[in-house]
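Comments concern the structure below.
The values are calculated or read from the model by the stated rules, or taken from the named source; none is laboratory data. On a predicted model such as this, the values are computed, not experimentally measured, just so you know. As a convention, Cβ positions derive from the backbone with ideal geometry for all residues, glycine included, and neighbour counts pool all protein chains shown. The area values use the complete protein model at the heavy-atom level, side chains included, leaving out ligands, DNA and RNA. Shrake-Rupley method; radii C 1.70, N 1.55, O 1.52, S 1.80 Å.
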2 protein chains.
Amino acid sequence: MVYTVIMAGGIGSRFWPRSREAYPKQFLNVFGEATLLQQTLQRMKGIVPPARSFVVTHQRYGELTRRQLPELPAEHVLEEPISRNTAPCIAYAAIKLLAHDPDAVMMVLPADHLIRDHAAFQAALRVAIEAAQEKGALVTIGITPTHAATGYGYIQFDGNLDGKLHAYPVKTFAEKPNVATAERFLDSGDFLWNSGMFVWRADTIVESIQKYLPKCYAAFLGLGGAIGTQYEDEAVHAAYRKSPRISIDYGVMERADTVYVVPGSFEWNDIGDWRAVYDLSQNDDHGNVLHNHVIVHDSSRCYVDAGSRLIVLVGIHDAIVVDTDDALLICHRESAQQVRNVVEYLHAHQLEQYV
Amino acid sequence: MVYTVIMAGGIGSRFWPRSREAYPKQFLNVFGEATLLQQTLQRMKGIVPPARSFVVTHQRYGELTRRQLPELPAEHVLEEPISRNTAPCIAYAAIKLLAHDPDAVMMVLPADHLIRDHAAFQAALRVAIEAAQEKGALVTIGITPTHAATGYGYIQFDGNLDGKLHAYPVKTFAEKPNVATAERFLDSGDFLWNSGMFVWRADTIVESIQKYLPKCYAAFLGLGGAIGTQYEDEAVHAAYRKSPRISIDYGVMERADTVYVVPGSFEWNDIGDWRAVYDLSQNDDHGNVLHNHVIVHDSSRCYVDAGSRLIVLVGIHDAIVVDTDDALLICHRESAQQVRNVVEYLHAHQLEQYV
């Protein structure tokens, strides 16, 4: 059977002050619809039902996740005692699935991406599922780039895009490039954006972790037998305590042999910062995106979320303004990535009440 | 005897959202010291005691004025039932003074200016008092311009500055100039900024109002006999109802014959907008002026008053940010004059709760 595993453990510090440690990005309703987490589950409608969907998140978000996804069986929310990046998260989910279904195929999806074309997205997933089952491959979803983005990693594949959906063998994974390299990637025609979405058989990824991340594998070795017993919680804690902190991209994907990519041509955004939220929002004649009570005078290309008070802009351009009850951010649109530095500053200066 | 008459009826809409109709600029503590009104009275120490000082303000600010100036006799706060610009305000004060002292000399001072050099200021006033008494003149205080300001009116005088304090005959009053004209004024050496501060005998100004503003004079004709009686309040209301709305500059000063100006060379600012507050404040290494809880990252030349919440700036330059409990302003420094348009907008859109 095919299962969805949603990774929802991020803290989203680039969305401060709306996103807080107690309430990160994936639980927010930044586009006036459902939260990003809810959208991630909804997007799977017709391909996998909630009964075969799982969420892995930090234990502090367990209750919040169950509240936001009441259609999910409560025990399908897997709680991590410590954040250890994506490899342990995926190991945990794979072991959990294997305990019930030795033939489980898992689709691993980040909880905080925006994809509006569900049909195109699901079509790519179906091709990926097929490749995972037939080839025993580690399959990732790549995104056909629309511009020379420097904020994403890239995947080079072997072959030529022919307009049909295929799984292509992966040649290389490339880190976030500089502008010149990103332009070269774009021109080459055989580079895709690395979306961080994966499809594989649960046993395939566990074997790959054993091969490429033996310490991580060893940490989780005891978990399999404990699933469904009174020792499960204890085994999970022990596994996370022992596991190294490492991403599945760096730890497995970049090293494994049988890696494929399915190029998705749907609009995709990992909503990395407020700038992305601005870009993805409908703006008015002056390029402004205004939420709640905002008055603008001679101002353009601004994103303003006013919270409970009136915000007035006079002669302001290209700014992001996000208000909350106890803190307000005013940020230049081009500086949106630096918002995470603010959160670091708050931590470093004993201002945790704002984090 | 010499008296101080402080004009404190303005609503200060360019200082929104700190300044509200219920709490205008002159009652605010924008420089971390006393309020502008309190500073105006303090600045007269040594020249006129509080017992010979008066404040004219709108009746809605009567109590606030008495609260801020407890050293002033309560009955020295003269309340205007309607705002009618400066000519009626001055007529009221002059008639009030004349009822008790036919030889009263009055110094008329706006409540919302910043002057830090009290000694130089008082020296100019003493010369003005002498001219008002000896020449029976209408005397105004001019300010030696330090740059080609376009936000002030100008006064051209007859004579040459010789470094000593004189009262010079006034040749012309000039409206706020454009940049080219302001530069010409500055180069000419015989133009001063019009500060809106006046010194004259009370009887001289009443006679001048009779001559140049007969309708205003007629409106206040009945007041003289009512001062000190049970009919005084009623007479004040009747006078303001009948009086035209006109400034003393336009109505009298620009037309009268015996007009003198004393050039003051002290630092002076009418604090016309938030930009002026920024300019007059001590700023840090990045040119920022930060009040209350503000964190700045890669931001410069900003004025931020944070109220009760944390404000964080990232990549923001040349902005004015003023927070209050129910409204927040974000304004480019060069757009500070336009803040009054916001107040007009709020009135026009039934948003009086924010005014």
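Points worth noting:
- Computed [θ] at 222 nm, helices only, for the protein assembly as shown once each DSSP H run of length n ≥ 4 contributes -39500 (n - 2.57): -9000 deg cm²/dmol
- The A-B contact accounts for approximately 2600 Å² of buried accessible area, totalled over both chains at a 1.4 Å probe radius.
- Under the shape rule built on the C-alpha gyration tensor, where the axes satisfy a ≥ b ≥ c, region B:9-119 is oblate, since a/c reaches at least 1.5 while a/b does not exceed b/c.
- Whole-Å semi-axes of chain B's equivalent ellipsoid (Cα gyration tensor): 34, 26, 18
- Computed from Cα positions, the angle between helix A:118-135 and the longest principal axis of chain A comes to roughly 20 degrees.
- Remark: mean inter-chain Cβ contacts per residue of B:317-329 equal 4, using a 10 Å Cβ-Cβ cutoff to other protein chain atoms.
- Comparing B:K242, B:K164, B:K25 in a Gaussian network model of chain B, where Cα atoms under 10 Å apart are tied by springs, the biggest mean-square fluctuation is seen for B:K164.
- Chain B, relative contact order [Cα under 8 Å, separation at least 6], %: 19 percent
- Just checking the listed ones, B:F31, B:F157, B:F173: in the Gaussian network model of chain B with Cα springs under 10 Å, the one fluctuating most is B:F31.
- Where N is the number of residues in region A:1-44, Cα Rg divided by 2.2 N^0.38 Å: 1.25
- In this assembly of identical copies, the label point of A:T229 (Cα plus 7 Å along Cα-to-Cβ) is separated from its counterparts by 10.6 nm, sorted shortest first.
- Annotation for B:K242, label-to-label distances across the other copies: 10.0 nm (shortest first, one decimal, point 7 Å from Cα along Cα→Cβ).
- Take each residue in A:333-345, count the other chain C-beta atoms within 10 Å of its C-beta, and the mean is 3.
- Cα gyration tensor shape for the protein assembly as shown, rounded if a/c is under 1.5, else prolate or oblate: prolate
- Chain B: most fluctuating residue of B:T40, B:T172, B:T181 per GNM, C-alpha cutoff 10 Å: B:T181
- Whole-angstrom gap from region A:219-259 to region B:67-106, using each part's C-alpha centre: 83 Å
- Tilt relative to chain B, helix B:202-212 - C-alpha long axis, 0 to 90 degrees, to 10: 90 degrees
- Counting, for every residue in B:293-299, the Cβ atoms of other protein chains within 10 Å of its Cβ and taking the mean gives 4.
- Label point of A:P73 (7 Å along Cα→beta-carbon): distances to the other copies' equivalent points are 8.9 nm, sorted ascending.
- If you take the Cα centroid of region B:4-59 and the Cα centroid of region A:1-37, the two points sit 51 Å apart.
- Region B:65-119 shape via C-alpha gyration tensor axes, a/c threshold 1.5: rounded
- Mean Cβ neighbour count within 10 Å, used as a protection proxy, ranking B:99-111, A:306-318 highest first: A:306-318, B:99-111
- Accessible surface computed residue by residue for region A:66-134, with neighbouring protein chains in place and a 1.4 Å probe, gives 38 Å² per residue.
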